[in-house]
Amino acid sequence: MKIGILTSSRADYGVYLPLLEDLKKDHFFDLQIIAFGTHLSEKHGFTLKNIIRDEYKIIHKINTFINDDSKKGIVDSYAKTINEFSRFWNNNNFDLVFCLGDRFEMSAAVQSSIPFGITLAHIAGGETTLGAIDNIYRHQISLASKIHFVSTKCNLKKVIQITGCSNYLYNVGSLSLSKIKHFKAIDKSIFFKKFGIKNDPYILVTFHPETVSLDSNLLYVKEISKALSEICREINVIITMPNADTLGSVYRKEINDLRDNNKNSIFLIENFGKKYYFNAMHYSTLLLGNTSSGIIEAASFGKYVINVGDRQKGRTQSLNVHDVNFNSNNIIKTTLKLLSYDPYSGENIYFKTNPEKKIIKILKNNFHL
């Protein structure tokens, strides 16, 4: 079976990894990577090098990135992605192509495949993020896909509502949590040294723009900055940088200015990669931000999460998540409260064992395409 893997960013590639490792070892599958988006952007760490390092037989490289995160720039990038993939789909055939998540680049690649009759398998459909335009992109991807691998019962029901069909729909759990029970952190001193981080307690912070409330982002990032300026007096802060979303550069500038004014207690990381991001989560005291990793993964590491704003609104949450609005006083108050808590010991509703093996078994048993 000839399998294509659409990957547009460090984030989705990290989620795919357990599945890719098993597909690569299984001779039933002819695995080909289709890399585009920020993978080919120097600004975002040129993460294509990580894919090349993992030694796949075939890696298609499609340059779709435009260094402009304005509204027009995002549309131009969407259009460029469609145009580039028009040529790609015209010249390449697959039995099945995997797509993952909700990025606009992923949506563009998927939408361009429809006239070519590409059979798509969507991972992580049915989730809801009312504060991000990605919510629309995700549902577009689900509508274009034939096969669906979702992470919770709620998400399964949502995909049925979106597509009007219950065929080829499988609840396998979150792929990003595969092998989480066997996770072993690297030595703490090695981790801190590798990233030039002070070996002290810290909170792990990731913020992305709210792409529905675009006009409010400047206010939001100012509130974040005010909160972190106070929080870093109590505990160190490690910030991972935003995705290539609309107005992401506004967040980047404010975060860089914040670091410059607090160099001894705030540390910026462009890209941990999945392996080191899990180590960063493991060694953190708690998480703060508006990223999906706080909702989906943090509970498995025993971490409480301060989820800020509406970007993740509508996503099913475990009991470790505490929601606050973009108000610096509320962020500070909730952070200081959670710093006094013992580690979270409840369940993670996104976890199921071996989702990658379930996916492969389903493909072999049901889709001899």
| request: Can you tell me which of 310-321, 339-350 comes out highest on packing, and rank the rest after it, using the mean Cβ neighbours within 10 Å? | output: 310-321, 339-350
| task | Quick one: among His282, His60, His39, which has the greatest mean-square fluctuation in a GNM of the chain with alpha-carbon springs under 10 angstrom? | result | His60
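Quantify how much of the Cα-Cα distance distribution of region 1-111 extends past 25 Å, in percent.
Every Cα pair in region 1-111 considered, those over 25 Å come to 17 percent.
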| query | Can you run phi through the Karplus equation (6.51, -1.76, 1.60; θ = phi - 60°) for region 21-30 and list ³J(HN,Hα) in whole Hz, with x for Gly and Pro? | reply | 4, 6, 5, 5, 7, 9, 5, 5, 10, 9
| field | Simple Cβ-charge dipole of region 181-339, Lys/Arg +1 and Asp/Glu -1, about Cα centre, in debye nearest 20 | value | 580 debye
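Note the full-extension length gain between Tyr168 and Lys333 as 0.36 nm times their separation in residues minus their Cα-Cα distance, in nm to one decimal. Show your work: numbers first, answer last.
Working: separation 165, 0.36 × 165 = 59.40 nm, distance 4.56 nm.
Computed gain between Tyr168 and Lys333 is 54.8 nm.
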| said: Given the DSSP H assignment, sum -39500 (n - 2.57) over each helix run of at least 4 residues in the chain and divide by its residue total; what's the result at 222 nm in deg cm²/dmol, nearest 500? | reply: -12500 deg cm²/dmol
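Multiply the residue separation of Ser216 and Asn261 by 0.36 nm, subtract the distance between their alpha-carbon atoms, and state the gained length in nm to one decimal.
Numbers: separation 45, 0.36 × 45 = 16.20 nm, distance 2.39 nm.
Additional length available on full extension: 13.8 nm.
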| task | Please check which bits of region 282-318 a label hung off Asp342 would reach, taking the label as a point 7 Å along Cα-to-C-beta and the cut-off as backbone N under 11 Å. | result | none
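For each of Ile295, Ile362, count neighbouring Cβ atoms within 10 Å of the residue's Cβ, then give the residues from fewest to most. Display every interim value, and only then the final one.
On the way: Ile295 25, Ile362 16.
By the 10 Å Cβ count, ascending: Ile362, Ile295.
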| message | Can you give me the long-range amide H partners of Ile239? Hydrogens built in the peptide plane at 1.01 Å from N, cutoff under 5 Å, separation of 5 or more residues or another chain. | response | Val205, Phe267, Leu268, Ile269
| query | Considering only Cα-Cα distances, which of the following residue pairs are longer than 18 Å: Lys61/Lys146; Lys43/Lys253; Lys193/Lys275; Lys153/Lys361? | reply | Lys61/Lys146; Lys153/Lys361
| query | Helix 273-283: angle to the longest alpha-carbon principal axis of the chain, degrees 0 to 90, nearest 10? | reply | 40 degrees
| note | Karplus ³J(HN,Hα) for region 148-159 (6.51 cos²θ - 1.76 cosθ + 1.60, θ = phi - 60°; Hz, whole; x = Gly/Pro) runs 10, 10, 9, 10, 9, 4, 4, 5, 4, 4, 5, 5
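Largest first and in whole Å, give the semi-axes of region 172-301's equivalent ellipsoid, each being the square root of 5 times a Cα gyration tensor eigenvalue. Before the final figure, lay out each step's value.
Numbers: eigenvalues 119, 77, 27 Å².
Here the semi-axes work out to 24, 20, 12 Å.
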| request: Taking H placed 1.01 Å from N in the peptide plane, check which residues at least 5 places from Phe65 or on another chain put their amide H under 5 Å from its amide H. | output: Gly37
| field | In degrees, nearest ten, helix 217-231 long axis to first principal axis of the chain (Cα) | value | 50 degrees
| said: Could you derive backbone 3J(HN,Hα) for region 168-182 from the dihedral phi with the Karplus parameters 6.51, -1.76 and 1.60 (θ = phi - 60°), listing whole Hz in sequence and x where the residue is Gly or Pro? | reply: 6, 10, 9, 8, 10, x, 7, 4, 5, 9, 4, 6, 4, 5, 9
| query | Of Ala185, Ala298, Ala280, which is the most mobile in a GNM of the chain whose springs link Cα atoms less than 10 angstrom apart? | reply | Ala185
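Ranked from highest to lowest mean number of other Cβ atoms within 10 Å per residue, what is the order of the peptides 146-152, 196-202? Let's see the in-between values first.
Values: 146-152: 23.9, 196-202: 13.1.
Final packing ranking: 146-152, 196-202.
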| request: Based on other C-beta atoms within 10 Å, arrange Val172, Val305 from fewest to most. | output: Val172, Val305
| Order of Ser112, Ser265 under a 10 Å beta carbon neighbour criterion, fewest first | Ser265, Ser112
| query | Order of 220-228, 85-93 by packing, highest average Cβ count within 10 Å first? | reply | 220-228, 85-93
| note | Under a Gaussian network model of the chain whose springs join Cα atoms within less than 10 Å, the largest fluctuation of Leu288, Leu48, Leu336 belongs to Leu336
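Each reported figure results from applying straightforward, stated rules to the coordinates on display, with no laboratory input. Please read all numbers here as calculations on a predicted model, not as lab measurements. Note: ideal-geometry Cβ built from the backbone for every residue, glycine included; neighbour counts use all protein chains shown.
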